[in-house]
Amino acid sequence: MRIGTVKEIKTLEFRVGLTPEGVRELTAQGHSVVVESGAGAGIGLADSTYEDAGARVVASAAAVFENSELIVKVKEPQASEIAMLRPDHTLFTYLHLAADPEQTRGLMKSDATCIAYETITDARGGLPLLAPMSQVAGRMATLVGAQFLLKPSGGRGLLMSGVPGVAPAKVGILGAGVSGMHAAEIALGMRADVTMFDISAERLAAVDAAFGGAVTSIHSSQKSIQDFLPQADLMIGCVLVAGAAAPKLIRRGDLKRMKPGAVLVDVAIDQGGCFETSKPTTHDKPTFTVDNIIHYCVANMPGAAPLTSTYALTAVTLPFVQRMAAHGVEAALAADPHLAAGLNVKAGRITHPAVQAIMEAA
Ligand SMILES: NC(=O)c1ccc[n+]([C@@H]2O[C@H](COP(=O)([O-])OP(=O)(O)OC[C@H]3O[C@@H](n4cnc5c(N)ncnc54)[C@H](O)[C@@H]3O)[C@@H](O)[C@H]2O)c1
């Protein structure tokens with residue numbers, strides 16, 4: 001199959017859809033790969049590295065679209081990219097169509113086959129192509145939280161780990177799913193005193209099993225969270241209610257229960273945030289303060305670690321690319337219901353029920 005990847009053009013996006021390692025696998029299996037010049041430059045992956053792996057490097061995105069059947073990207077296509085899509089193209093990338101009717105209409109008009117990373121499923125009901133970004137965001141949440149506890153960052157002047165004779169920071173994590181577990185792992189590694197809250201008994205049991213009792217697990221309720229807040233130095237919001245806005249677990253009035261200079265990191269900000277006072281921020285200006293509490297609410301946390309994020313993402317996308325390349329897109333979709341769950345638009349029609357419902361309501 002002819003496979004291509006382009007340089008991402010969305011502002012401040014440095015990830016890339018295929019790594020040289022992925023290209024080497026594909027070319028070894030007899031496929032041809034075209035890569036736009038500079039596609040990996042933002043994370044130090046030079047054109048020559050792609051060429052050494054067997055790719056043909058071309059000067060423009062147009063040349064990639066011209067010479068590919070399967071286009072592997074990271075972010076949703078921008079208008080100039082949608083304009084280059086043809087009926088014989090398969091687009092494989094994050095789409096997030098539910099929030100973007102204009103893009104949906106563009107993809108329908110192209111007649112291309114559009115498969116979204118975020119709706120591909122796995123046998124356990126998870127979303128395996130979203131998980132790596134939750135892993136990155138969860139781990140980063142603890143790191144940024146620790147940084148903003150320090151005085152030069154506006155915090156209380158607390159060292160996360162403490163030192164012998166001085167207690168470490170108390171960290172509360174709301175939600176013990178993918179991002180929450182990864183946040184906890186790093187917090188524990190930094191020797192923080194960690195407590196996790198979840199409404200799922202199964203997840204609370206998983207916390208206990210994963211950390212051997214080193215992390216306290218508490219059933220999440222308004223009261224249990226409020227009781228914890230006066231001790232908290234850092235609260236990390238990692239909750240998700242699938243398909244719904246994040247529940248507001250810390251209200252503005254609760255902030256006065258917290259220590260001045262304590263930090264809130266709202267990983268769930270992309271679903272509206274789980275703290276009432278959260279509003280989306282960017283890496284340029286990641287924090288703001290409300291009632292003496294520092295809020296970190298960056299909606300695209302993995303964007304700060306594009307090198308790690310590229311490798312984490314492509315590790316889970318490449319097997320699907322390989323299957324589509326080996327068997328053809330149609331056969332791969334027919335053989336794998338989890339890949340088929342990723343199909344959002346095909347031949348001018350919306351094929352995903354959730355996107356369909358939102359478009360009908362729009
Ligand atoms: N900001 C970013 O850059 C970024 C990056 C990746 C993911 N995210 C977002 O982070 C959020 C979490 O993602 P995830 O992959 O960890 O989700 P997940 O589904 O793996 O985990 C969510 C957890 O929240 C729990 N939960 C639901 N309601 C709760 C409540 N009231 N109290 C306590 N726990 C509750 C669920 O039981 C579940 O265990 C999502 O909104 C995701 O989109 C943000």
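Within the stretch 146-154, is there a residue that is small (Gly, Ala, Ser), closer than 30 Å to residue 65 by Cα, more than 16 Å from the ligand (Cβ to nearest atom) and assigned to a helix (DSSP H, G or I)? Looking through the stretch 146-154, none of the residues is small (Gly, Ala, Ser), closer than 30 Å to residue 65 by Cα, more than 16 Å from the ligand (Cβ to nearest atom) and assigned to a helix (DSSP H, G or I). Going by what's in this entry, would residue 192 be described as surrounded by fewer than 18 Cβ atoms within 10 Å (Cβ to Cβ), more than 9 Å from the ligand (Cβ to nearest atom) and at pLDDT 95 or above? So residue 192 fails the test.
Among residues that are surrounded by 22 or more Cβ atoms within 10 Å (Cβ to Cβ) and either free of Cβ contacts under 8 Å to residues at least 12 places away in the same chain or among the aliphatic types (A, V, I, L, M) (or both), residue 307 is not included. Scan the stretch 243-257 for residues that are more than 21 Å from the chain's Cα centre (by Cα) and either buried (at least 22 other Cβ atoms within 10 Å of the Cβ) or β-branched (Val, Ile, Thr) (or both) and jot them down. Scanning the stretch 243-257 gives 249, 250. Residues in the stretch 118-142 that are buried (at least 17 other Cβ atoms within 10 Å of the Cβ), more than 12 Å from the ligand (Cβ to nearest atom) and hydrophobic (A, V, I, L, M, F, W, C): 120 alone.
Taking the stretch 168-180 as the search range and keeping residues that are more than 11 Å from residue 146 (Cβ to Cβ) and surrounded by fewer than 24 Cβ atoms within 10 Å (Cβ to Cβ), which one is farthest from the ligand (Cβ to nearest atom)? By that ranking, first place goes to 170.
Taking residue 239, is it near the ligand (Cβ under 9 Å from one of its atoms) and within 19 Å of residue 135 (Cβ to Cβ)? Yes, satisfied. Where strands (runs of 3 or more DSSP E) fall wholly inside the stretch 179-284, the ranges with 2 or more residues that are of a type in the set (Ser, Thr, Tyr) and farther than 15 Å from residue 141 by Cα are 216-219. Determine if the stretch 268-277 includes at least one residue that is away from the ligand (no atom under 13 Å from the Cβ) and either over 30 Å from residue 98 (Cα atoms) or surrounded by fewer than 16 Cβ atoms within 10 Å (Cβ to Cβ) (or both). The answer is yes, given that some residue of the stretch 268-277 is away from the ligand (no atom under 13 Å from the Cβ) and either over 30 Å from residue 98 (Cα atoms) or surrounded by fewer than 16 Cβ atoms within 10 Å (Cβ to Cβ) (or both). The residues on offer are 334, 357, 315, and the sole one that is free of Cβ contacts under 8 Å to residues at least 24 places away in the same chain, part of a helix (DSSP H, G or I) and in contact with a helix residue (DSSP H, G or I) (Cβ under 8 Å, 6 or more places away or on another chain) is 334. Selection over the stretch 285-310 of residues that are assigned to a helix (DSSP H, G or I) and either touching a Cys at 6+ places or on another chain (Cβ under 9 Å) or under 21 Å from residue 96 (Cα atoms) (or both) gives a count of 7. When the stretch 205-242 is examined, which residues are found to be at pLDDT below 95 and either buried (at least 17 other Cβ atoms within 10 Å of the Cβ) or touching a strand residue (DSSP E or B) at 6+ places or on another chain (Cβ under 6 Å) (or both)? The answer is 240, and nothing else.
Taking the stretch 42-140 as the region of interest, the helices (runs of 4 or more DSSP H) fully inside it that hold 3 or more residues being acidic (Asp, Glu) and more than 19 Å from residue 271 (Cβ to Cβ) are 47-52.
The values are calculated or read from the model by the stated rules, or taken from the named source; none is laboratory data. Just so it is clear, the model here is predicted, and its values are computed rather than measured. Every residue, glycine among them, receives a Cβ derived from its backbone with ideal geometry; neighbour counts consider all protein chains shown.
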